[in-house]
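The values are calculated or read from the model by the stated rules, or taken from the named source; none is laboratory data. Just so it is clear, the structure is predicted and the values come from calculations on it, not from any experiment. Positions of Cβ are backbone-derived with ideal geometry, glycine not excepted, and every protein chain shown enters the neighbour counts. Ligands, DNA and RNA are stripped out before the accessible areas are found, and what is left, the full protein with its side chains, is counted by its heavy atoms. Shrake-Rupley method; radii C 1.70, N 1.55, O 1.52, S 1.80 Å.
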Amino acid sequence: MIGLNLQGRTALVTGATGELGRVMARTLAACGADVAVHYNTNEAKAEALAAEIRAAGRRAVSVQADITKLDSILAMRDKISAELGHVDIVVANAVIQYTWTSVLEQPEEDYRSQFESCVLQSVHLAKAFVPAMIERGAGRMIGINTECSMQHFESQSAYVAGKRGMDGVYRVLAKEVGPHQITVNQVAPGWTISERDRTNGTEKSEGYDKNVPLKRRGTDQDIANTVAFLASDLAGFITGAYIPVCGGNVMPAI
């Protein structure tokens, strides 16, 4: 019976030192994958996570890259290849943070940063890793989108623009590489409980929770579980999907 078993596969998680990224990395490793832990500036945190994964019995390496630059991603790919072999699963989780404000007040640079971290990251990762997946006739590309891309709330314009651009890249890529048995999907978290919330005691948000059909916020583990599912053989016939993991807070129409 097919199960959620990633043994013999290598996964890359970009932004793996972030609140959601590190849980994704741990979960993929727990399912049997070796993991490349990407970081941009926080080397110590990335290496600590890689060491944690190695201590649990999987191979892991920390790798630095600027996800907005193709040359940097290609160099990261080469380092992963030298230490772990080819990459079977790519999780595009990294995003540049900025301050949300109205369209009229949002600096132009924020739109540029979201384009670079959402759209160009997706393109660069595809150019770096998909050709080898095509040669092998298998692979998983998983992008982390957001429920915000369907909500269009005030102050979210740069973020929504970047994530909706990412959505377009992933849907087109799914059609282009589908004949090679490579799946391309997106996970769209809602407002998610992370380690920071647990530390600060901010898991509850009545204003948000009351509008969610399941009446609660999701957790970082909920997101990681969906990523692991899409990375597995259980999801072998799912591609081009945008999957909200937000308790029904957004429901894509047919």
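When segment 103-161 is filtered for residues that are under 17 Å from Pro244 (Cα atoms) and charged (D, E, K, R), only Glu147 remains.
Contact annotation: residue pairs with Cβ atoms under 7 Å, 6 or more positions apart or on different chains, pairing a residue in segment 133-151 that is under 17 Å from Arg171 (Cα atoms) with a partner that is aromatic (Phe, Trp, Tyr), are Gly143/Tyr170; Asn145/Tyr242. Restricting the search to helices (runs of 4 or more DSSP H) fully inside segment 148-251 and requiring at least 3 residues that are open to solvent by less than 50 Å² (accessible area, probe 1.4 Å) and of a type outside the set (S, T, N, Q) gives 157-177, 206-209, 220-231. Listed by first and then second residue, the pairs linking a residue in segment 59-74 that is hydrophobic (A, V, I, L, M, F, W, C) to a residue that is in a loop (DSSP other than H, G, I, E, B), with Cβ atoms under 6 Å apart and 6 or more places separating them unless they lie on different chains, are Ile67/Thr14; Ile67/Ala94; Ile73/Ala65.
Against the test of being surrounded by fewer than 16 Cβ atoms within 10 Å (Cβ to Cβ), farther than 20 Å from Arg140 by Cβ and touching a strand residue (DSSP E or B) at 6+ places or on another chain (Cβ under 8 Å), the options Ala51, Ala46 yield a single qualifying residue, Ala51. Against the list (1) over 28 Å from Thr10 (Cβ atoms); (2) β-branched (Val, Ile, Thr); (3) in contact with a Lys or Arg (Cβ under 6 Å, 6 or more places away or on another chain), the condition Ile89 fails is (1). Taking the conditions (1) without any contact (Cβ under 8 Å) to a residue 12 or more places away in the chain; (2) under 22 Å from Lys127 (Cβ atoms) in turn, Ala55 satisfies each one other than (2). Looking at the structure I just gave you, is Ala128 at pLDDT 95 or above, open to solvent by less than 10 Å² (accessible area, probe 1.4 Å) and either of a type in the set (Gly, Ala, Ser) or within 17 Å of Thr219 (Cα to Cα) (or both)? Yes.
Scanning segment 129-166 for residues that are of a type in the set (D, E, K, R) and within 23 Å of Arg77 (Cα to Cα) returns Glu135, Arg136, Arg140. Scan segment 33-43 and give yes if some residue there is farther than 23 Å from Asn145 by Cα, buried (at least 24 other Cβ atoms within 10 Å of the Cβ) and of a type in the set (A, V, I, L, M), otherwise no. No - not one qualifying residue is present in segment 33-43.
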